[in-house]
Amino acid sequence: MQLNSGEKQLLIQSLAELKQDHRELDIAIQEMAERVHSNQLEIGRLKKQKLKLKDSIARLESKLIPDLHA
């Protein structure tokens with residue numbers, strides 16, 4: 001499937017936003033883990049959310065890679 005330039009630009013923008021969200025979650029998880037009385041349930045929830053973002057990032061990146069069989 002070929003993407004037109006508008007679709008490609010939207011994917012690139014979405015990808016950048018997801019990567020930023022992923023970085024922010026990583027920082028939040030690190031900060032929570034460094035606390036003496038960290039909430040392990042909240043850390044686990046954030047890690048799960050981070051994994052979902054990583055999967056979304058991988059899906060978008062694969063859409064941006066041209067089909068080699070075309």
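Please treat every number below as a calculation from the coordinates, not as lab data. What you see is a predicted model; the values in this text were computed from it and never measured.
Observations
- Along the range 52-64 the Karplus relation, 6.51 cos²θ - 1.76 cosθ + 1.60 evaluated at θ = phi - 60°, assigns HN-Hα couplings of 5, 4, 4, 5, 5, 4, 4, 5, 5, 4, 5, 5, 7 Hz to successive residues, with x for each Gly and Pro.
- Partner lysines whose Cα lies under 19 Å from the Cα of residue 52, excluding those fewer than 8 positions away in the same chain, are identified as 19, 63.
- Cut-off under 5 Å, modelled amide H: who pairs with residue 38 long-range: none
- Between helix 5-34 and the chain: long-axis angle, C-alpha atoms, 0 to 90°, nearest 10: 10
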